[in-house]
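The values are calculated or read from the model by the stated rules, or taken from the named source; none is laboratory data. Quantities reported herein were computed from a predicted structural model and do not represent experimental measurements. FYI the Cβ positions are ideal-geometry reconstructions off the backbone, even for glycines, and counts take in every protein chain you see. Heavy atoms of the whole protein, side chains included, go into the accessibility calculation; ligands, DNA and RNA do not. Shrake-Rupley method; radii C 1.70, N 1.55, O 1.52, S 1.80 Å.
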Amino acid sequence: MIQVKNLHSAVSCAAMATLGDMYVHLQRAMDSEVEGTARVLLHKASEANTFIRQGANCALGHMVQSCTPTRVMNALLVGGLSHRNAAVRSCTAQHLERLAEVMGLSRLLSGKKDLTDRFLIAVSKLAVDPAQEVKWDVPPASWSQYLEKRGHQWRLCSNLGQIRSEERARILEGGHLKG
């Protein structure tokens, strides 16, 4: 992880590729390292060099695919959701979207372990982010149909900006969703 921070771009890229390979081959054995490495990789996603950003995105993609989804979600939310840099928040949104695909709709919105609340709060924050590249154009229409069938009072649309303003304020303050 130290070499990922290296100022020499070739060393940093090689370290990120190695970290990605470790995620692929060690899978859940890397769970204990997810939060620390995600924070470093998300920081690298804000670099000016395109190939460094691509290396960080690739390693984060391997992390999303290979590690425990709840740990990955926690690492992404802690490391990137409230980051100052829009590129980091955009990278976080991209990988949260991929994580949602990996986890599956029924598990993600099951309401267990505060998973649903944390995910919906994160999506709401990303949807109203002031930076245009961060705004997240998901969840798809099928999610709102799923929520309606489950009896949730929250209806997600392709643009979450339609949530009532008082509810949006409560979400952005870190409140919990009713379900």
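When residues of region 1-27 are filtered for being among the small types (Gly, Ala, Ser) and either in contact with an Asp or Glu (Cβ under 6 Å, 6 or more places away or on another chain) or loosely packed, with under 14 Cβ neighbours inside 10 Å (or both), how many remain? Let's see the steps before the verdict.
Initial filter on region 1-27 (among the small types (Gly, Ala, Ser)): 9-10, 12, 14-15, 17, 20.
Filter again for either in contact with an Asp or Glu (Cβ under 6 Å, 6 or more places away or on another chain) or loosely packed, with under 14 Cβ neighbours inside 10 Å (or both), leaving 9-10.
Summing the residues that are among the small types (Gly, Ala, Ser) and either in contact with an Asp or Glu (Cβ under 6 Å, 6 or more places away or on another chain) or loosely packed, with under 14 Cβ neighbours inside 10 Å (or both) in region 1-27 gives 2.
Residues to consider are ALA56, ALA93; find the one that is in contact (Cβ under 8 Å) with a residue 12 or more places away in the chain and over 13 Å from the mean Cα position of the chain (by Cα). Please lay out each step first, then the result.
Numbers: ALA93 fails: over 13 Å from the mean Cα position of the chain (by Cα).
Answer to the selection: ALA56.
On the given criteria, is LEU115 modelled with pLDDT under 90, within 13 Å of the chain's Cα centre (by Cα) and among the aliphatic types (A, V, I, L, M)?
Numbers: modelled with pLDDT under 90: yes; within 13 Å of the chain's Cα centre (by Cα): yes; among the aliphatic types (A, V, I, L, M): yes.
Spelling it out, LEU115 is indeed modelled with pLDDT under 90, within 13 Å of the chain's Cα centre (by Cα) and among the aliphatic types (A, V, I, L, M).
Filter region 118-149 down to the residues that are of a type in the set (Ser, Thr, Tyr) and either touching a Cys at 6+ places or on another chain (Cβ under 9 Å) or modelled with pLDDT of 50 or more (or both), then identify the one that is surrounded by the most Cβ atoms within 10 Å (Cβ to Cβ).
Going through region 118-149, the residues of a type in the set (Ser, Thr, Tyr) turn out to be 124, 142, 144, 146.
Now narrow it down to the ones that are either touching a Cys at 6+ places or on another chain (Cβ under 9 Å) or modelled with pLDDT of 50 or more (or both): 124, 144.
Working: SER124: 22, SER144: 16.
In this case the residue turns out to be SER124.
Just checking, how many residues over region 28-42 are closer than 16 Å to CYS91 by Cα, open to solvent by 40 Å² or more (accessible area, probe 1.4 Å) and among the small types (Gly, Ala, Ser)?
Result for region 28-42: 0.
Return yes or no: is SER106 open to solvent by 10 Å² or more (accessible area, probe 1.4 Å) and not in a helix (DSSP H, G or I)? Step through it out loud before you land on a result.
Details: open to solvent by 10 Å² or more (accessible area, probe 1.4 Å): yes; not in a helix (DSSP H, G or I): no.
No: the conditions fail for SER106.
Going by what's in this entry, would THR70 be described as open to solvent by less than 10 Å² (accessible area, probe 1.4 Å) and either farther than 18 Å from GLN94 by Cβ or of a type outside the set (Phe, Trp, Tyr) (or both)? Talk me through it step by step, then tell me what you get.
On the way: open to solvent by less than 10 Å² (accessible area, probe 1.4 Å): no; either farther than 18 Å from GLN94 by Cβ or of a type outside the set (Phe, Trp, Tyr) (or both): yes.
Answer is no for this residue.
Among the listed residues VAL11, VAL72, VAL24, VAL40, identify the single one that is within 20 Å of LEU108 (Cα to Cα), modelled with pLDDT of 90 or more and out of contact with any strand residue (DSSP E or B) (no Cβ under 8 Å at 6 or more places or on another chain). Explain how you work it out, then say what you get.
Numbers: VAL11 fails: within 20 Å of LEU108 (Cα to Cα); VAL24 fails: within 20 Å of LEU108 (Cα to Cα); VAL40 fails: within 20 Å of LEU108 (Cα to Cα).
Within the list VAL11, VAL72, VAL24, VAL40, the selection yields VAL72.
Could you go through region 51-67 and let me know if any residue there is of a type in the set (Lys, Arg) and open to solvent by less than 20 Å² (accessible area, probe 1.4 Å). Before you say what the answer is, go through the steps one by one.
The first filter runs over region 51-67 and keeps only residues of a type in the set (Lys, Arg), leaving 53.
From the residues that got through so far, the ones that are open to solvent by less than 20 Å² (accessible area, probe 1.4 Å) too are none.
Within region 51-67, not a single residue is of a type in the set (Lys, Arg) and open to solvent by less than 20 Å² (accessible area, probe 1.4 Å).
Does region 150-165 contain at least one residue that is part of a helix (DSSP H, G or I), at pLDDT below 50, among the hydrophobic types (A, V, I, L, M, F, W, C) and surrounded by 14 or more Cβ atoms within 10 Å (Cβ to Cβ)? Working first, answer last.
Of the residues in region 150-165, the ones part of a helix (DSSP H, G or I) are 150, 160-162, 165.
Within this subset, residues satisfying the condition of being at pLDDT below 50 are 150, 160-162, 165.
From what is left, the residues that are among the hydrophobic types (A, V, I, L, M, F, W, C) are 160.
Still in the running and surrounded by 14 or more Cβ atoms within 10 Å (Cβ to Cβ): 160.
Yes, there is a match, as at least one residue in region 150-165 is part of a helix (DSSP H, G or I), at pLDDT below 50, among the hydrophobic types (A, V, I, L, M, F, W, C) and surrounded by 14 or more Cβ atoms within 10 Å (Cβ to Cβ).
Being open to solvent by 20 Å² or more (accessible area, probe 1.4 Å) and either assigned to a helix (DSSP H, G or I) or of a type in the set (A, V, I, L, M, F, W, C) (or both) narrows it down to one of SER82, SER90, so name that one. Break it down stepwise before answering.
Working: SER82 fails: either assigned to a helix (DSSP H, G or I) or of a type in the set (A, V, I, L, M, F, W, C) (or both).
Among SER82, SER90, only SER90 is open to solvent by 20 Å² or more (accessible area, probe 1.4 Å) and either assigned to a helix (DSSP H, G or I) or of a type in the set (A, V, I, L, M, F, W, C) (or both).
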